[in-house]
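Following: one structure in structure tokens, then a few remarks.
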Amino acid sequence: MARSKFQFNEGAIKKAAEQRVAKLAADLTRKVNALTAEYEGRPVDEVKPAIQDVWARETGGGSITDPELTQLAEQIAAGGRVSVELA
């Protein structure tokens, strides 16, 4: 019986994961910033659910902490731009 040799390439897996995280962060940044047109000038409490919806949809059901959510909502409500960075 032939034996197969499996080699685990940790560097390639790490690179693929980093690329996926970078793409997700860019997608989230773009989609959250798109909310500005509709939510600029609105109360933060109205903006937060919209951001949560985008976040859950883009992350496959993931969530965001309330302090981070509030910070993003404040920026969007003020007409600002955000940059999502994932660790």
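The values are calculated or read from the model by the stated rules, or taken from the named source; none is laboratory data. Computed from a prediction, not measured in an experiment: that's the story for all the values here. Virtual Cβ from ideal backbone geometry, glycine too; neighbours counted across all protein chains shown. We work out accessible area using only protein heavy atoms, side chains counted, and drop any ligands, DNA or RNA first. Shrake-Rupley method; radii C 1.70, N 1.55, O 1.52, S 1.80 Å.
Going through A12, A16 one at a time, which residue ends up being at pLDDT below 95, out of contact with any His (no Cβ under 9 Å at 6 or more places or on another chain), part of a helix (DSSP H, G or I) and over 18 Å from E85 (Cα atoms)?
Being at pLDDT below 95, out of contact with any His (no Cβ under 9 Å at 6 or more places or on another chain), part of a helix (DSSP H, G or I) and over 18 Å from E85 (Cα atoms) holds for just one of A12, A16, which is A12.
Quick check on my filter: what residues within segment 32-51 are open to solvent by less than 90 Å² (accessible area, probe 1.4 Å) and either closer than 18 Å to A22 by Cα or in a helix (DSSP H, G or I) (or both)?
Result: V32, N33, T36, Y39, V44, E46, V47, K48, P49, A50, I51.
Cβ-Cβ distance below 9 Å, separation of 6 or more or different chains: which pairs start in segment 13-42 with a residue that is at positive phi and end on one that is surrounded by 11 or more Cβ atoms within 10 Å (Cβ to Cβ)?
Final answer for the pair search is G41/A77; G41/A78; G41/G79.
So in segment 70-84, with the set limited to residues that are farther than 11 Å from V32 by Cα and part of a helix (DSSP H, G or I), which one is least open to solvent (accessible area, probe 1.4 Å)?
The extreme case among them is A77.
Which one is farthest from A78 (Cα to Cα) among residues in segment 1-21 that are open to solvent by 60 Å² or more (accessible area, probe 1.4 Å) and of a type in the set (G, A, S)?
A2
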